[in-house]
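The values are calculated or read from the model by the stated rules, or taken from the named source; none is laboratory data. Being a predicted model, the structure only gives us computed values, none of them experimental. Here the Cβ is made from the backbone with ideal geometry for all residues, glycine too, and neighbour counts use every protein chain on show. Side chains are part of the model used for accessible areas, which takes the heavy atoms of the whole protein and leaves out ligands, DNA and RNA. Shrake-Rupley method; radii C 1.70, N 1.55, O 1.52, S 1.80 Å.
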Amino acid sequence: MNFVAPFSRPVYVMLKPVGAACNLRCKYCYYLDKKNLYPETGNYLMTEELLERFTKQYIESQTMPEILFTWHGGETLMRNIKFYRKAVELQKIYGRGRHVENVLQTNGTMLTDEWCRFFKENNFLIGISIDGPQHCHDVYRRDREGRPSFLAAMRGISLLKKHGVEFNVMGVVNDYNVDYPMEFYHFFKRIDCRYIQFAPIVEVIDGKPASWNVPSSKWGDFLIAIFDEWVKKDVGTFYIQYFDSTLANWTGKQPGVCTLAQTCGHAGVLEFNGDLYSCDHFVFPEYKLGNIKSQTLTEMMYSERQLKFGTDKYDRLPTQCRECEFLFACYGECPKNRILRTGSGETGLNYLCEGYHKFFKHVAPYMDFMKNELLQQRPPANVMHHFR
């Protein structure tokens, strides 16, 4: 069997215990259609037998002392709590004393006291999907009957706080809330969420950009508006993934977000039936690596095919990107967003290129200063005093 196993990078696989099943029908969701990959399946729930097989393989594949399990959906809480209790039990059995952590992403609407007690007892980090204040969130995030979901998500956040469960937020930025950057940011500060992630929505429907996509130039303005407050008041207090990852690239370190890394392919996604795909955004038949019932995670994630998927991110950049002064900060961003042509007609230009270039140009002086502070072993938060 041909596979490369240099073990130069950890195996990281996101689990989909309910596949694409979800209690909401967010208009911009790219994952609901994945049910079409398995039209013969009526039940999208991962079995405990498959869970055990994955847990054993995943722990055996880990070369680092700490092991991270990431649960994603669909809506993860559509799999009952008994399943996750079994997951923790299996982690203890196969972990044999190694440190195991769990991160679970949810829309928050199905959280209960029982769920929150379980998360607290087992030290889960919970990611909440919420798109800002109510008028922003409810534009696209609605349930099957078209009812808004903001108040239910906020009840979930209140329960997490009540039980002392650590959480962060993931906010999708779209054509509507991109016009409210400060209201968006202040909302998360108001609910005292210290770790904030943004996800710009870029989808293609029938060969054309979706109407809810975030406009590229506005994406840059959105990041700049929030950055300008963060860099003056909140460095070291509120952690915004895009800003931290930009600083990492500025200093030559690995960014915390895959989209800004030089290569990708480090993070596969496991569907409810054991099928492994190259990436959460590439769950298509041509990117299926195999199934854990017949191949191991190590074989598939270190395969030549998956390694090439990762290096293609850089190798397929158009000339405009290769000659860009901010190549080191972006590397063409996520390959799924490379849907435009350059001025010279080359394919592979990122839909968000204009916005990123605007953002990087704006933050360059601040990033240069923080980079120097780190090199001098001083806190980058000094930037707040320097630029005042």
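Could you put Leu223, Leu151, Leu32, Leu45 in order of accessible surface area, largest first, with the 1.4 Å probe and the full protein assembly present?
On the way: Leu223 0, Leu151 105, Leu32 40, Leu45 65 Å².
My answer, sorted largest first, is Leu151, Leu45, Leu32, Leu223.
In the context of the full set of protein chains, residues of segment 36-87 present 48 Å² of accessible surface per residue (probe radius 1.4 Å, heavy atoms only). Less than 5 angstrom separates the built amide H of Gly127 from those of Leu104, Gln105, Thr106, Asn168, all sequence-distant by 5 or more or on a different chain.
The accessible area of Val103, taken with all protein chains in place and a 1.4 Å probe, comes to roughly 40 Å². Per residue, the chain reaches -10500 deg cm²/dmol at 222 nm when only DSSP H runs of four or more residues are counted, each adding -39500 (n - 2.57).
Apply the a/c threshold of 1.5 to the C-alpha gyration tensor of the chain and tell me whether it is rounded, prolate or oblate.
On the way: a/c = 1.37, a/b = 1.20, b/c = 1.14.
It comes out rounded by the Cα gyration axes.
Near the amide H of Ile67, within less than 5 Å, lie the amide hydrogens of His99, Val100, Glu101, all on another chain or at least 5 residues away, with H placed in the peptide plane. The HN-Hα couplings worked out from phi for segment 43-52 by the Karplus form 6.51 cos²θ - 1.76 cosθ + 1.60 (θ = phi - 60°) are 10, 9, 8, 5, 7, 5, 5, 5, 4, 5 Hz, whole numbers, x standing for Gly and Pro. Put a plus charge on the Cβ of each Lys and Arg, a minus charge on the Cβ of each Asp and Glu, and nothing anywhere else: the dipole of the chain about its Cα centre is then about 540 debye. Remark: spin-label model distance Arg147-Arg190 equals 2.4 nm, labels positioned 7 Å along the Cα→Cβ axis.
Computed from backbone phi with θ = phi - 60° and the Karplus coefficients 6.51, -1.76 and 1.60, the 3J(HN,Hα) list for segment 149-162 is 10, 4, 5, 5, 5, 5, 4, x, 5, 4, 5, 4, 5, 4 Hz; x is used for glycine and proline.
A simple spin-label model places pseudo-atoms 7 Å from Cα toward Cβ; at His99 and Thr63 they are separated by 2.0 nm. Shown in residue order for segment 224-237 are the 3J(HN,Hα) couplings computed by the Karplus curve 6.51 cos²θ - 1.76 cosθ + 1.60 at θ = phi - 60°: 5, 4, 6, 4, 4, 7, 4, 6, 9, 10, 10, 4, x, 10 Hz (x for Gly and Pro). In this structure, the amide hydrogen of Tyr239, modeled 1.01 Å from its nitrogen in the peptide plane, lies closer than 5 angstrom to those of Tyr195, Ile196, counting only residues at least 5 positions away or on a different chain. Per residue, segment 297-378 exposes an accessible area of 49 Å² to a 1.4 Å probe, with every protein chain left in place. As a fraction of the 1.4 Å probe accessible area of segment 177-262, surface on carbon and sulfur atoms comes out at 51 percent. Farthest toward the positive end of the dipole of segment 41-105, out of Thr76, Thr47, Thr63, is the Cα of Thr47, where the dipole comes from beta carbon charges about the Cα centre.
Roughly how big is segment 308-388's charge dipole about its Cα centre, with Cβ charges of +1 (Lys, Arg) and -1 (Asp, Glu), in debye to the nearest 20? Don't jump to the answer; show the numbers that get you there.
Working: 12 positive and 9 negative charges, 35 e Å.
It comes to approximately 160 debye.
Under 15 Å from a label point set 7 Å out along the Cα-to-Cβ vector of Asp315, the amide N atoms of segment 263-295 belong to 263-266.
Below 8 Å between Cα atoms, with a sequence gap of 6+, how large is the relative contact order for the chain in percent? Don't skip to the answer; put the middle values down first.
Details: 673 pairs, mean separation 67.0, N = 388.
It comes to 17 percent, rounded to a whole number.
If you count Lys pairs in segment 188-337 whose Cα atoms are under 20 Å apart, skipping same-chain pairs closer than 8 places in sequence, the total is 11.
Counting alpha carbon pairs within less than 8 Å and at least 6 residues apart, what relative contact order, in whole percent, applies to segment 90-245? Working shown, then result.
Details: 217 pairs, mean separation 32.3, N = 156.
Once divided by the residue count of segment 90-245, the mean separation gives 21 percent.
With the cut-off at 1.5 for a/c, could you classify segment 58-142 from its C-alpha gyration tensor as rounded, prolate or oblate? Judged from the Cα gyration tensor, segment 58-142 comes out prolate (a/c at least 1.5, a/b above b/c). What FRET efficiency comes out for the pair Thr112/Ala225, r = Cβ-Cβ distance, R0 = 51 Å, nearest 0.05? Calculated transfer efficiency: 0.90. Based on protein heavy atoms only, segment 151-242 ends up with 41 Å² per residue of surface accessible to a 1.4 Å probe.
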